[in-house]
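This is the structure I want to talk about, given as structure tokens.
Read the figures in this text as sums done on the coordinates, not as results from a lab. None of these values were measured; they are calculated from a predicted model. Methodologically, a virtual Cβ is constructed for each residue, glycine included, from the backbone with ideal geometry; neighbour enumeration extends over all protein chains shown.
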Amino acid sequence: MYQYDFYDKALVRERVAQFRDQIERYQAGKLTEEEFLPLRLQNGLYLQKHAYMLRVAIPYGTLSSKQLRTLGDIATEFDKDYGHFTTRQNIQFNWIELDRVPEIIERLADVEMHSIQTSGNTVRNVTTEAFAGVSADEFVDPRPFAEIIRQWSTINPEFLFLPRKFKIAVSSSVKDRAAVRTHDVGIYINRTHGGLRLDVMVGGGLGRTPILSQRLKEGLEWQHMLTYLEAVLRVYNRHGRRDNRYKARIKILVKSLGIDVFAEEVEKEWQQIKNGPSELTATEFQRVAEQFQSASLVEAPTYEYEAALARDHTFSNWVDKNTHDHKHTSYLSVVISTKPGPNNPPGDVTATQMNIIADLSEQFGDGEIRVTHEQNLVLPSVQKRHLYDVWSTLKQADLGHSNIGLLTDMITCPGGDYCALANAKSIPVAADIQQHFSDLDYLHDIGELDLNISGCMNACGHHHVGNIGILGVDKNGSEWYQVTIGGKQGEDARIGKVIGPSFKAADVPQVIDKLVQVFITHRELEEQFSDTVQRIGITPFKERVYAPAMETAE
Amino acid sequence: MNNVISLVNSSQPEISEHDNWHLVDAIENSEAIWPKSMLVIPFKEWLESAEAYATAPKAFWLDNETDVHLVEPWLDKIELIALNFPKFTDGRAYTQAVELRTQLRWRGELRAFGDVLRDQLTHMHRCGFNSFAVREDKDILDAMKGLNGISTRYSGSAIEPEPLFRRRAVI
């Protein structure tokens, strides 16, 4: 993975000193609340319901075992012994004291990490898929591109006070596992006869106004990536709305101008800087790409693994759900579920568990860990013959749950238990659903199903693109839950449709159960939930859910 | 103008509590003591009336919604352009500055005014501003520290067009 050089190290060190000074000035009354706010956000520090929350960047979701151990140490020493992995592949610590923030980011800098631009109206942590570099269906490793964008966007002086936050995702495999279509800018990288080409998508986003991105530029040569991004950001910075924060994302600008006019503006801007000094060089690409070359992969016997699959049904179920095809046939990528059941909020991992995962990655993997945008963790390269041992260890640490891609593998935001923005709680609803669907055989029978929960319309839990989406809403001071169905992520992403009036928290599990029953009755062959919804419409689901007299909000 | 940090004459910042420029909302609001030539007038007024004055002002200011390309015909007639930060969180003037410097090749003085604060000075400088009228309630010596910035600059900028990957020494 990418190793910091002299410049990267200097940047994070100086940033620690700078933010330490800003915190001190704030505490001494030399910076007002209003002046301090954007500064702390640009360093990933939020003020939540009960305490400060620090969001640490995990660039494109890649961690070394050493970094994961440090996150575990931070959880133990500065928080309540756990961290929360997010849909942007970052980690959040929920119980932070302002005084100790400099110490924490110093510790991060020690292991080449930071919290820069994980919040604020800036270019945020660049994301890609968790299997980058090892997936069997990959055209090219997207991480060098993501790292190059990370560097370009970090403290880029022109784009630190944008109209609103700006999220970029990169994908370069057959299947889009990076939610590219719901990003402000998404880049699909393809290998063509003419070399690597980029399809640039723009104007996606969830939140109050969910919109899927549209194609802005097709077949862009890779050398132009930064100049083209600069042109997009410049147009956005100049024309994006600033009068209403809910209409300030680039998706609203693209929608109001229309994609063609927006593309013309970008083109005009780009022509001025295209072929200028920000054009990427082969030398730079090489320098960065070399650092992502994986350790040499070797042939290894798989007979023990095959025998274990045949012998142990629980193990083979886990392999079936929790592994991903590796480019080398002796290996698999292991997905570690952070959603074992009702007692664990999705995405929460304890310090002890972090250390166990770090150990496993060193002993059986390549010393790397990835974070998925579904809030799970991945050991990208494990030899098949070690899988049984890995699974056994994971199981003992409550990390061996075989539910990846299933209904209980929910994306859930922290919700009203932590978040100052939330209208309703998310975690207890997730727990009730976990409880209701605790029968693994039933879950496996339902098959792949994305269930996403957000505690407010900011949509951190991506409810719009869940096959089933749950949105917490506030009605006259009480918490209700609106249900959408038919959403989907990926290259052919879809926004779900609201089925009707909202429900009380206690009724959510049985509503989901009814939706699932309708699906099971109507599905054809291996059809997935969102495709069934697409084919038969939402009416059969509505009729079933609202048939009995269930109390709903009007 | 008051509370000004300037990098116009030297790479070492110079401070003046009051300098000779005088920024006005409208020419008619300017006091008689200011020579017309030292007024920084709204660009709109410049367009309407600048030609009419014998000693035309040598500077104008732009609000952050104005397309900077409109000023192109006048660049050889003036000495200073001031860009407004109505709130420090409104970043449009950064892009205006970059465009003035890199696309219109403006070489004269480019001044930031309005909600100009210590912690944004480096960003402004990198976008091409070379003088800063710091908000008047702020201590200018303290504000000056904001120019120190961070030594690693990945992206190129108006004052340093090459990004780090073209400047990078092999270490």
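Need the C-alpha centroid separation for segment A:355-384 versus segment A:246-263, integer Å.
39 Å
Inside 10 Å of the C-beta atoms of B:85-91, what's the mean count of C-beta atoms belonging to other chains?
Numbers: counts 1, 1, 3, 4, 11, 4, 13.
Mean partner-chain Cβ count within 10 Å for B:85-91: 5.
Here is a further query. Please name which of A:119, A:427, A:51 has its Cα lying farthest along the dipole of the protein assembly as shown towards the positive end, using unit charges on Cβ (Lys, Arg +1; Asp, Glu -1) and the Cα centre as origin.
A:119
Then there is this: In what order do A:188, A:246 fall by count of nearby beta-carbon atoms within 10 Å, going from fewest to most? Please report the intermediate quantities before stating the final value.
On the way: A:188 23, A:246 13.
By the 10 Å Cβ count, ascending, the order reads A:246, A:188.
Right, another one. Which pairs, out of A:30/B:138; B:77/B:138; A:475/A:514, put more than 21 Å between their alpha-carbon atoms?
Those over the limit are B:77/B:138; A:475/A:514.
OK, next. Calculate, for residue B:2 and residue A:76, the FRET efficiency according to 1/(1 + (r/R0)^6) with r their C-beta to C-beta distance and R0 35 Å; round to the nearest 0.05. Don't jump to the answer; show the numbers that get you there.
On the way: r = 51 Å, r/R0 = 1.47.
The value I calculate is 0.10.
If Lys and Arg each add +1 and Asp and Glu each add -1, what is the summed charge of the other residues whose beta carbon sits under 12 Å from the beta carbon of residue A:318? It would help to have the intermediate numbers written out before the result.
Details: positive: A:321, A:395; negative: A:312, A:320.
That sum, taken over residues with Cβ under 12 Å, equals 0.
Report, to the nearest 10°, how far helix B:92-102 tilts away from the longest principal axis of the Cα atoms in chain B, using its own Cα long axis and a range of 0 to 90°.
Computed tilt is about 80 degrees.
Provide the gained length on full extension for the span residue A:448 to residue A:98, in nm with one decimal, where the gain is 0.36 nm per separating residue minus the Cα-Cα distance. It would help to have the intermediate numbers written out before the result.
On the way: separation 350, 0.36 × 350 = 126.00 nm, distance 4.19 nm.
Stretched fully, the residue A:448-residue A:98 segment lengthens by 121.8 nm.
Looking only at B:106, B:46, B:34, which one moves most when chain B is put into a Gaussian network model with springs between Cα atoms under 10 Å?
Largest GNM mean-square fluctuation: B:34.
In addition: Would you work out the charge dipole size for chain A about its Cα centre, treating the Cβ of every Lys and Arg as +1 and the Cβ of every Asp and Glu as -1, and quote it to the nearest 20 debye?
On the way: 60 positive and 74 negative charges, 338 e Å.
Rounded to the nearest 20 debye, it is 1620 debye.
Ok, one more. How much length is gained on full extension from residue A:286 to residue A:527, taking 0.36 nm per residue of separation minus their Cα-Cα distance?
Details: separation 241, 0.36 × 241 = 86.76 nm, distance 4.26 nm.
That pair, residue A:286 and residue A:527, stretches by 82.5 nm at full extension.
Considering only chain B, what is the antiparallel percent among its DSSP beta bridges, to the nearest 5? Provide the component values of the computation, followed by the final result.
Working: 8 of 25 bridges.
If we restrict to bridges inside chain B, about 30 percent are antiparallel.
Could you list, in their original order, any pairs among A:255/A:425; A:49/A:247; A:167/B:87; A:247/A:488 whose Cα atoms are separated by more than 27 Å?
Working: A:255/A:425 32 Å; A:49/A:247 25 Å; A:167/B:87 24 Å; A:247/A:488 24 Å.
Result: A:255/A:425 exceed 27 Å.
Shifting gears a bit: Would you order A:460, A:419, A:413 from fewest to most other beta-carbon atoms within 10 Å of each residue's own beta-carbon? Please report the intermediate quantities before stating the final value.
Working: A:460 24, A:419 21, A:413 30.
In increasing order of surrounding Cβ atoms, one gets A:419, A:460, A:413.
How charged is the neighbourhood of residue A:257? Take every other residue with its Cβ under 10 Å from the Cβ of residue A:257, and add Lys/Arg as +1 and Asp/Glu as -1. Mind dumping the intermediate values first?
Working: positive: A:255; negative: A:260, A:264, A:265.
Summing Lys and Arg as +1 and Asp and Glu as -1 gives -2.
List every residue whose amide H lies under 5 Å from the amide H of residue A:114, counting only residues 5 or more places away in sequence or on a different chain, with H placed 1.01 Å from N in the peptide plane.
Excluding prolines and chain starts, which carry no amide H, the hits are A:57.
Take the cross-link list A:175/A:327; A:217/A:268; B:44/B:145 and give me the ones stretching past 23 Å between alpha-carbons.
Details: A:175/A:327 14 Å; A:217/A:268 13 Å; B:44/B:145 34 Å.
With Cα atoms farther than 23 Å apart: B:44/B:145.
Something else now. Once Lys and Arg get +1 and Asp and Glu get -1 on their Cβ, which of A:440, A:356, A:469 lies farthest toward the positive end of the dipole of chain A?
Value computed over the given set: A:469.
Which whole-number percentage describes the relative contact order of segment A:199-238, with Cα contacts under 8 Å and a sequence gap of 6 or more?
Details: 32 pairs, mean separation 13.0, N = 40.
Over segment A:199-238, the number comes to 32 percent.
A further question follows. Provide the net charge surrounding residue A:22, with neighbours chosen by a C-beta distance below 14 Å and charges set as Lys +1, Arg +1, Asp -1, Glu -1.
Values: positive: A:15, A:20, A:25, A:30, A:40, B:118, B:145; negative: A:14, A:21, A:24, A:33, A:34, A:35, A:99, B:119, B:142.
Its environment carries a net charge of -2.
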